[in-house]
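The values are calculated or read from the model by the stated rules, or taken from the named source; none is laboratory data. Note that this is a predicted model, so its numbers are computed, not measured. Cβ: placed from backbone, ideal geometry, glycine included. Neighbour counts: every protein chain shown.
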Amino acid sequence: MVFSHFKTVTDMKNIIQEAVAKAMSYAQYNLLFQQLVAENRTTGEETQEKIDYTKLNLSRTKRLDKTAEIEDAHAEVFGALENSQTWLVISEPWCGDAAQTLPYLNKIAELSDRIDLKIVLRDENPELMDLFLTNGSRSIPILIILDEEMEVLAKWGPRSAKATKMVADYKEEHGVLDAAFKEQLQVWYNNNKGEAIVSELAEMMNEFA
């Protein structure tokens, strides 16, 4: 795990603990989601594009909350966890990748009383975000898996390895991630049905065991 060299270990632990203390549950996050859409708003710097994405992502989240499933083999892995973990997610309602990821993280957390799922907003927690950059960028969602002592066990995100490869390949060919790619990625998410996300996290749990 590579952290910013500007922070000491104590600083980092304090930042993480403060984030966990003020984090939202999945239900609270969804309530915020609904309030934002009802008020035609979003989090962070409000732009019309982000407001529109927030509305779209609420629809995606509601659909996945109803339809997302965890395969039995993976469910057994999560259900068999012996030690308590906090799954701290850095997210934003306007983020398309987060909308496709959080419902599966919630389904996983529901399978085990050892997993406590917590969510914080990226733009309200810059110090935390900057501890978990992806190639120097504040990409989300980021899942930080913590043990009972609030020590970092692992980081996952912002996408599965398969989706990350799609992003890298498209950038190499086209230079930027345009609207056409965003649509292509969402189609992939719909077809994949969370398998890439869940399988990677199940493998991670097996490594801990």
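Here is how the numbers come out for the structure above:
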| read-out | value |
| --- | --- |
| Matching residues, region 57-69, being in a helix (DSSP H, G or I) and either charged (D, E, K, R) or out of contact with any helix residue (DSSP H, G or I) (no Cβ under 8 Å at 6 or more places or on another chain) (or both) | Ser59, Arg60, Lys62, Arg63, Asp65, Lys66, Thr67 |
| Within region 78-183, helices (runs of 4 or more DSSP H) holding 3 or more residues that are buried (at least 20 other Cβ atoms within 10 Å of the Cβ) | 96-110 |
| Residue satisfying all of: in region 6-48; within 23 Å of Glu183 (Cα to Cα) and in contact with a Phe, Trp or Tyr (Cβ under 8 Å, 6 or more places away or on another chain); surrounded by the fewest Cβ atoms within 10 Å (Cβ to Cβ) among these | Thr43 |
| Selection within region 19-50 - touching a helix residue (DSSP H, G or I) at 6+ places or on another chain (Cβ under 8 Å), modelled with pLDDT of 95 or more and not aromatic (Phe, Trp, Tyr) | Ala19, Met24, Asn30, Gln34, Leu36, Val37, Asn40, Arg41, Thr42, Thr43 |
| Qualifying residue in region 76-90 (condition: at pLDDT 95 or above, within 20 Å of Ala161 (Cα to Cα) and in contact with a Pro (Cβ under 7 Å, 6 or more places away or on another chain)) | yes |
| Test: residue in region 78-86 that is among the small types (Gly, Ala, Ser) and within 16 Å of Gln186 (Cβ to Cβ) | no |
| Among residues of region 187-202, those that are hydroxyl-bearing (Ser, Thr, Tyr) and within 12 Å of Ala163 (Cα to Cα), counted | 1 |
